[in-house]
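Asker: Structure in C-alpha cells, see below.
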Amino acid sequence: MNIDPLSAGKQLRAAREQLGLTVRDVEAASTKLAARYGNDDFAIALSRISDIETKGVIPSIYRLYSMAIIYRRDVRELMAWYGIDVDAAPSDLDVIAPIKTHRISVLDSLTRLRIPVKMDPAFNLTRTTNLSRMIETWGVVPVAFLATLDVEKYTYGYIGTEDFTMYPLVLPGSLVQIDQSKTKVVAAQWRSEYERPIYFVETRGAFICSWCSVRDHQLIVQPHPLSPERVRVFKHPQDAEVVGQVVGLAMRTSEWRAVPGADVNPRGLDGTPPRPGLP
C-alpha cells in the first residue's frame, strides 16, 4: 500500500470544502465531540487542521474519527486515503500463525469482497477441477449486496498451528466457517466420522473445535480418535459455550508441523491403537 499523507490531506480538504465548512467549523464541531466523550484527543485545533491538509501530518485515530463524522464519510474511507485498506485483511492474515485456536472477528468488518463473476463455460461441477483455471473474471462487490443472498449468520475461526484436537480430519492452520444459528449439540447415530457435526466451542480463555456431546449439564469435548488430545468435560453453559457448528472448512495439507514431544502413535478414546494403515 502506498502511503501519501500529502495526497490524503488534499482529499480531506476537498471533503471539507464540498460541505462548505471552514476550518473554524471543523474545530468547533470536533470540540463538541471531545466534550461529549470527555477526551480532548477528539478536538482538532485550527493549526492542526492546516498541518493535516497542507503539510502531510497524519491525524491520530481520534482526530480521524472526528473528521469522518464531520465530513460525513466512512472512517474506513479516510483510512484508505492513508494507505490502510481494511478490506485487505483476509490476504494479510498469513503474516502470523497463532498457536491457539481462536475466533476471527476481523473478517466481520469487511465492506467489499473479491469474488469470481465469470466462469469458464467448460466448468463442470461434477468433476474435480483446478478452480483458479476456471475463473475468467474476478470482481469486487459490496458485502452488503451479498447479505441479501445469505440466509444464515456466519463467523469464522482459525485452528491453531499446535491444535491437533480434530487431527487428521481438521489439520492445524485450517480456517473454519461457523453457523452461529446451530448452537444446540445434536445427539444421533452417525454412519461415519464425516457425518458427525463439528462444533466451535468457547471456553474461559480458549476456543476448541471438536465433536461434542451434552450430558447432565456437562459439555463433553471429544477429539478425533487419532488426535493426541484427550476428552475434556466442562460445566455447560457456565464454563463452555457452543459458538456454532462448523459448516465450511479451508485447509492446506502441506503447511503444518507436529507438536514437539507429541505422541506419534496416539490412541483412540477407548485406549486402542490406531487402525492399520493410518499414521
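The values are calculated or read from the model by the stated rules, or taken from the named source; none is laboratory data. Being a predicted model, the structure only gives us computed values, none of them experimental. Neighbour counts run over all protein chains shown; Cβ positions are idealised from the backbone, glycine included.
Asker: Look through 242, 246, 231 and report the one residue that is more than 20 Å from residue 164 (Cβ to Cβ), at pLDDT 90 or above and not acidic (Asp, Glu). Walk me through how you get there before you give the answer.
Answerer: Details: 246 fails: more than 20 Å from residue 164 (Cβ to Cβ); 231 fails: more than 20 Å from residue 164 (Cβ to Cβ).
On inspection, the qualifying residue turns out to be 242.
Asker: Out of all the residues in the stretch 177-186, is one or more in contact with a Ser or Thr (Cβ under 8 Å, 6 or more places away or on another chain) and in a loop (DSSP other than H, G, I, E, B)?
Answerer: So far as the stretch 177-186 goes, yes, one or more of its residues are in contact with a Ser or Thr (Cβ under 8 Å, 6 or more places away or on another chain) and in a loop (DSSP other than H, G, I, E, B).
Asker: Taking the stated definitions as given, is residue 61 within 30 Å of residue 205 (Cβ to Cβ), of a type outside the set (Phe, Trp, Tyr) and free of Cβ contacts under 8 Å to residues at least 40 places away in the same chain? Can you show your working first?
Answerer: Working: within 30 Å of residue 205 (Cβ to Cβ): yes; of a type outside the set (Phe, Trp, Tyr): yes; free of Cβ contacts under 8 Å to residues at least 40 places away in the same chain: yes.
When the stated conditions are applied, residue 61 passes them.
Asker: Write out, first by first residue and then by second, each pair whose Cβ atoms fall under 7 Å of each other, whose residues are 6+ apart or on separate chains, and whose first residue, in the stretch 28-56, is assigned by TED's automatic domain parsing to the domain that holds residue 67 and surrounded by fewer than 16 Cβ atoms within 10 Å (Cβ to Cβ) while the second is of a type in the set (Phe, Trp, Tyr) and in a helix (DSSP H, G or I).
Answerer: Matching pairs, first to second residue: 39/62; 41/62.
Asker: Quick one: in the stretch 192-240, of everything that is assigned to a strand (DSSP E or B) and of a type in the set (Lys, Arg), which residue is surrounded by the most Cβ atoms within 10 Å (Cβ to Cβ)? First the steps, then the outcome.
Answerer: So in the stretch 192-240, the residues assigned to a strand (DSSP E or B) come out as 199-203, 206-215, 218-222, 232-235, 240.
Now drop any that are not of a type in the set (Lys, Arg), which leaves 215, 232, 235.
Details: 215: 11, 232: 16, 235: 10.
Out of the qualifying residues, it is 232.
Asker: Across the stretch 24-60, what is the number of residues that are assigned to a loop (DSSP other than H, G, I, E, B) and either under 18 Å from residue 11 (Cβ atoms) or at pLDDT below 95 (or both)?
Answerer: Filtering the stretch 24-60 down to residues assigned to a loop (DSSP other than H, G, I, E, B) leaves 38-39, 43-45, 55-60.
Subsequent filtering for residues that are either under 18 Å from residue 11 (Cβ atoms) or at pLDDT below 95 (or both) retains 44, 55-60.
Counting residues in the stretch 24-60 that are assigned to a loop (DSSP other than H, G, I, E, B) and either under 18 Å from residue 11 (Cβ atoms) or at pLDDT below 95 (or both) gives 7.
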